[in-house]
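Here's the structure we're looking at; comments come further down.
Here, each number is a calculation from the coordinates, and none is a lab measurement. Please read these numbers as outputs of a predicted model, since none were measured by experiment. For neighbour counting, all protein chains shown are included, and Cβ atoms are generated from backbone atoms with ideal geometry for every residue, glycine included.
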Amino acid sequence: MRILVIVNPVAGGGKTLRLLPKIKRWLSESNHEFIYIITKSPEEMHSEIVKAPSKGIEAILLSGGDGTVHQALSAIAETGLPLGYLPCGRGNDFARNIGLSMDLKSNCSFLSKPSFRKLDLPSINQQTPFVAVAYVGFDGEVSRLANDHQGYFGGTLGYIICVLKALKSFKPFEVEITIDDQTLRERVMMVSVANAPFYGGGMKIVPQAIMDDGVLDICIVKEISKPELLRQFPKVFKGTHITHPRIMMASGRKIKIISDEERDLFADGEPAGKLPAECTIGSETIRVLAPSNPNQRSEHGKG
Ligand SMILES: [Mg+2]
């Protein structure tokens, strides 16, 4: 295959750029042809991906973080090119979600003989595709702080620091949520709409979410006290928070969230506008390059 490797030089605080010589060496061991580009902006990345098919490119390989993947989604969907990923960011939830190891060398080596896995590509307001989780409320506040402190905090510890900071000023808010044709009104801490289990650097917000089942899973954390939120928080790393009586899990294909309050929406860790938001999942899909492990699901196993 002719593969375009897109390197996001700012991902992971410059980690991708530092690792590039190693990545080039490991990738050169496969028989694909790799063309490298270091992009300066999400716009440049978008246009390089969109132009790729006309240059005979047959797959895109992103070297960056979850933000890089999120920013590439609409261009990937537009071209239909399969997407490979070398996790070099801080959170690396996309790698967790698709079952990649965190070992860069093995992620380079399986590409010599990858399998193709088809994933659903849900979107917000028919406009912003997302691959893992779209969310509003407390977790959004945490993402906002994490993004503001880029370069200082990383991984789980960085996220926990942002959680403690966000807790100080956070106030629950009232939302109306319509899941398919059922509507509920609640005062909530947060609402997460997930197509994959992991976000926020390893937090399993919706443990049962599956990336190719045509369904979105929702986690609604109803109003609870701040001490209670803090007590529940560590459980999200194992996904055991879901049995809490004030946490509601549901699923659907169309989830609409509205509020009288102005609230920022986030998707895959990136800002994604404001409420109201309608998250839908339908026929849109992307293909990802995954290890060809017979124990892992591939698109051949999907009905
Ligand atoms: Mg799903």
Does segment 128-280 come out rounded, prolate or oblate by the C-alpha gyration tensor, with a ≥ b ≥ c the root eigenvalues, rounded set by a/c under 1.5 and, if not, prolate when a/b is larger than b/c and oblate if not? rounded
Approximate spin-label separation R18-K254, in nm, with each point projected 7 Å along Cα-to-Cβ: 4.8 nm
Please identify, among T243, T178, T39, the residue showing maximal mean-square fluctuation in a Gaussian network model of the chain using a 10 angstrom Cα cutoff. T243
Once R0 is set to 45 Å, what does the formula 1/(1 + (r/R0)^6) return for the Cβ-Cβ distance between T243 and S292, expressed as a FRET efficiency to the nearest 0.05? 0.80
What aspartates and glutamates sit close enough to K165 to cross-link, taking a C-alpha to C-alpha distance under 14 Å and skipping anything fewer than 8 places away on the same chain? D139, E141, D148
Nearest 0.05, what FRET efficiency do E58 and M102 give at R0 = 22 Å with Cβ-Cβ as r? 0.25
Need one word for the chain: rounded, prolate or oblate. Basis is the Cα gyration tensor (sqrt eigenvalues a ≥ b ≥ c); a/c below 1.5 gives rounded, then a/b vs b/c decides. prolate
Indicate the gyration tensor shape class of segment 2-113 (rounded, prolate or oblate), computed on the Cα atoms with a ≥ b ≥ c the square roots of the eigenvalues: a/c under 1.5 is rounded; otherwise a/b larger than b/c is prolate and the rest oblate. rounded
Once fully extended, how much extra length lies between Q182 and K40, figured as 0.36 nm per residue of separation less the alpha-carbon to alpha-carbon distance? 46.7 nm
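On full extension of the chain, what length is gained from K171 through N147, given 0.36 nm per residue of separation minus the C-alpha to C-alpha distance?
Separation in residues times 0.36 nm, less the Cα-Cα distance, equals 6.6 nm.
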Over 20 Å between Cα atoms: which of K118/K204; K226/K274; K171/K238; K55/K105; K222/K256 fall into that group? K118/K204; K226/K274; K171/K238; K55/K105
Please report, in debye to the nearest 20, how large the charge dipole of segment 1-130 is about its Cα centre when each Lys and Arg carries +1 at its beta carbon and each Asp and Glu carries -1 there. 440 debye
Between S283 and F233, what is 0.36 nm times their sequence separation minus the Cα-Cα distance? Round to one decimal in nm. 14.6 nm
Most fluctuating of K226, K168, K204 in the GNM of the chain (C-alpha, under 10 Å) is K168
Distance in Å, no decimals, from the C-alpha centre of segment 31-85 to the one of segment 231-278 is 29 Å
